[in-house]
Amino acid sequence: MPEDAGEDPEVLVVGAGPVGLTVAHELARRGVRARLVDRSAGPATTSRALATHARTLEIWHQMGLLGELLPRGRRVEHFTLHLQGKTLMCFDTNYDTMPTRFPFSLMVDQVVTEEVLRRQVQALGVTVEWGVELTWFDQEPDGVLAELRHADGTVEQVTAAWLVGADGARSTVRKRLNLRLQGDSTQTWLNADVVLDTDLAGDSNHLLHTGRGTLLLVPFPEPGKWRVVDTEDTDHADDARIVRARLADKLTRALGRPVEVPEPSWISVFTVQQRMIDRMRAGRCFVAGDAAHVHSPASGQGMNTGIQDAYNLAWKLADVVRGHAKESLLDSYGAERVPIGETLLRTTKTATALVSLRNTVAPLVMAAGTRLLGALKPLKRRIERTMIRGFCGLTLNYAHSPLSLACATPDGIQPGHRVGCSVERARTSPGWQGLVTELTDPRWTLLAFADSREQRQLAAQAERRYGKAVSVRVVAEAATSKRVLADPGDDLARDFAMRAGYFVLIRPDGYLAAKGRLSEDLDGAFAALGLAPADAGGNPAHHLDSGGPRMRIIDLSATVDAADRWEANPVTHEVLTAAEGAQHMAEEMKEHFGIDFDPSVLPGGELLTLDTLTLTTHTGTHVDAPSHYGTPRDGVARNIDQMPLEWFLRPGVVLDLTGEPVGAVGADRLRKEFERIGYTPKPLDIVLLNTGADALAGSPKYFTDFTGLDGKATELLLDLGVRVIGTDAFSLDAPFGHMIAEYRRTGDRAVLWPAHFAGRDREYCQIEGLTNLAALPSPTGFSVSCLPVKIAGAGAGWTRAVALLD
Ligand SMILES: Cc1cc2nc3c(=O)[nH]c(=O)nc-3n(C[C@H](O)[C@H](O)[C@H](O)COP(=O)(O)OP(=O)(O)OC[C@H]3O[C@@H](n4cnc5c(N)ncnc54)[C@H](O)[C@@H]3O)c2cc1C
């Protein structure tokens, strides 16, 4: 349920599989009020999708999920063929013609993918409502009236402006909209997830021909665990002993050595389906993922394609809901995704035929073909490229979409195509590094190649008119302000085939929409894409929410919880109940003013509650004042009630220090992070350190296992004019144990509390005990409000720190 429950949702998302979760994430990231319901009692526990391909990995990077998912998966970069005891050939991957920063497939259990998505969705304020089934809905002119049946049997009616059916292959939404899945189902396969004692390379998928049929082996991230897909025999699936014996026999024959098969963790039989619908929107309703198309799992496309549907739809819906774009934008969803689904059905059909190799002469053809390929290396490379094109999702494009505007330049990245670069380009090109980070901003991106005042003015004008929906960056040799994206080597100009006076406009999902001349083509492009300019007052011209543009608030504060959170300095919390409050008031009135009052005349005999807490000012999320750091040289340090309020409501910058070991990072690490995010903090920016330590909050480890700043790093931020530095850890310094060990090792007193003591000479404030910094959608582009509670003479004050996003 969204935090602002009570109000009708703007979008009702049905189904909390990977597709529904992606839709909800992307809507919430853009400030749309979404509700996410699922009829299951809780999350699915069976593995299902394992393979995540390059295009989905790019999406996860834009969504801010990749950091968590990458370490939990296994990279696969090969495909190996085996025939009756011999390894025939190992195909490598070849992404030469499809530049990507992720040239591999990542094997991650769908259970893990969904878990990470759920956590991020929750951090954005949407909680999955389990046990809530959509049973019926009807469309009205300005909304959808839906009936939800709760697990306890109660039925709720809800109205939402839009409805997204991500409710899987048996979709209620699809059926109610009368959209028919067309296509066929061909074969039936058996799946067994099992730990095998084999020497097969774990960075490859393996296709084993047993002489009669094939087994496909796909590695799990866990060492030795494989998904074994038997494309031939599916009977007795409910008897693990028979399945184990049969697979052991086949594996032994195919690999030419004895293989034992222990108890699988999951056995399932499924029909290979190739079906899809021909429309994905009907009025105010959409379908996405398995609800719209079901594929053979031969090349692992179902979840990948569904996530890409969701990623295509959600920003469009958000732009329309928030009044940034005309409703016609939503027609492009089906126009773009239906042809993609059709192409995929063709390629997955081919992949199914190749994997199952049912032809009786297949073994002979395999042996002869691989001998030939061994001799003809260029042909092998071509086949490797073709294989990858079929499943990586990188070559699929929207060139024929109404959102891909014709341009006069035939060179460089073209409208409708993905904006991406290779690992090498991302490593060596500051321009691409800046752009890749920029694309994590949930808005459109306008790159203005401007080298004159007039051209920069055109960019500034675009920002004034479209800035709510479009992030405007001027591409120049050096970054002189936050708006400038530095491209010292002109790499972006070259790769887009643009020069000064031109622009490129990139959609929120990372595809190029338009490019042309700043002075002649830009306004036309905005109009053709249906983007709505802000009115003269700077507000979007149209907004469905009658309150005007909604500010999104991300809570960065920990909960003070005496009952349920361990603290080094225990918190006590006494509550005077409303009934006790009535009695107390009557006694006080009598004692102080001589007034008799019978509390039982109050409704229910109750007055008001009263909470009494004992806690230090350093409990929970709080701001440290300079007086906390000790006595400065001039002998005067300000207390929290004396600090200028202007310091505490300022633009924010979040630095990613997750993955750093326990201790303290130095100035170079901060400089590297500035380079990565393409931004160096400005005077009075509020700098937040995302160390990930808040995951330990409420446990003793929170006080001992975290990363802080060393003296030089603190000085660097103070030199830049920063006056408020926040952390999600217990302290801005390294943990006590670490500092004391360093001091014993070096004898250097400067290693003791350097970050705090820096504030004795140079006045600044720290925010400690923040949380939820990973929910910030991008390193910049938000404000922080962390006004401290006004406590006379105190060295710190609690704060309800929040990030404010337009
Ligand atoms: C064995 C196997 C292997 C696979 N391997 C891969 C792979 O390697 N790569 C890949 O990309 N894909 C793979 N897939 C496919 C992938 O699992 C699916 O494509 C993916 O789960 C689809 O996601 P979804 O969110 O569209 O639907 P689902 O995951 O099916 O989620 C739909 C949700 O909607 C809920 N729901 C249904 N009806 C209602 C209702 N009326 N009201 C409320 N809630 C409702 C359901 O409870 C469910 O939680 C594999 C599938 C299988 C079975």
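Just to confirm my numbers, what's the Cα centroid distance between segment 620-649 and segment 1-71 in Å? First find each Cα centre; the distance between them is then 41 Å. Calculated [222 nm] ellipticity per residue, helices only, for the chain: -8500 deg cm²/dmol; basis is -39500 (n - 2.57) per DSSP H run with n ≥ 4, divided by all residues, nearest 500. Applied to segment 783-794, the Karplus parametrisation 6.51 cos²θ - 1.76 cosθ + 1.60 on θ = phi - 60° returns per-residue 3J(HN,Hα) values of 10, 10, 10, 9, 4, x, 5, 8, 10, 4, x, 8 Hz, with x for Gly and Pro.
Of the peptides 687-700, 164-177, 605-618, the ranking by mean beta-carbon count within 10 Å, highest at the top, reads 164-177, 687-700, 605-618. Listed by chain and number, the lysines whose alpha-carbon sits under 28 Å from that of LYS377, ignoring those within fewer than 8 places in the same chain, are LYS86, LYS349.
Sorted on the mean count of surrounding Cβ atoms within 10 Å across their residues, most packed first, peptides 637-645, 201-209 read 201-209, 637-645. The long axis of helix 578-588 is offset from the longest Cα principal axis of the chain by roughly 10 degrees.
Rounded to the nearest 5, the antiparallel percentage of DSSP beta bridges internal to the chain is 65%.
A viscosity of 1.306 mPa s and a temperature of 10 °C, combined with the Kirkwood radius over Cα pairs in Stokes-Einstein, give a translational diffusion coefficient for segment 703-796 of 107 µm²/s.
Cross-link partners of LYS225 among aspartates and glutamates, defined as those whose alpha carbon lies under 16 angstrom from its own and excluding same-chain residues fewer than eight positions apart: ASP109, ASP193, ASP197, ASP199, ASP203, GLU260, GLU263. Taking Cβ atoms as reference points and 13 Å as the exclusive limit, the residues near GLY594 contribute a net charge of -3, counting Lys and Arg as +1 and Asp and Glu as -1. Axis angle, to the nearest 10 degrees, between helix 110-123 and the longest C-alpha principal axis of the chain: 30 degrees.
Using the average count of surrounding beta-carbon atoms within 10 Å as a protection proxy, the listed peptides 265-275, 768-778, 12-22 rank, highest first, as 12-22, 768-778, 265-275. With bins 5 Å wide beginning at 0, the percent of Cα pairs of segment 622-805 falling in each bin runs 1, 9, 17, 22, 22, 17, 9, 3, 0, 0. Bridging of LYS790 to lysines at a Cα separation below 27 Å is possible for LYS682, once same-chain residues fewer than 8 apart are set aside.
Values of log10 I(q)/I(0) for the chain across q = 0.06, 0.07, 0.11 Å⁻¹ run -0.46, -0.62, -1.34, by the Debye formula with one identical scatterer at each alpha carbon and no solvent. When Rg and the Kirkwood radius Rh are both evaluated on Cα atoms of segment 572-614, their ratio Rg/Rh stands at 1.05. The 3J(HN,Hα) values that the Karplus relation (6.51, -1.76, 1.60; θ = phi - 60°) gives for segment 758-768 are, in residue order, 4, x, 6, 9, 10, 4, 7, 10, 10, 10, 10 Hz. Gly and Pro appear as x. For the chain, the longest principal axis of the C-alpha atoms and the axis of helix 18-29 are separated by about 30°.
Computed from the coordinates by the stated procedures, all read-outs in this text should not be read as laboratory data. A quick note: this is a predicted structure, and the numbers were derived from the prediction, not measured. We place every Cβ from the backbone using ideal geometry, glycine too, and count neighbours over all the protein chains shown.
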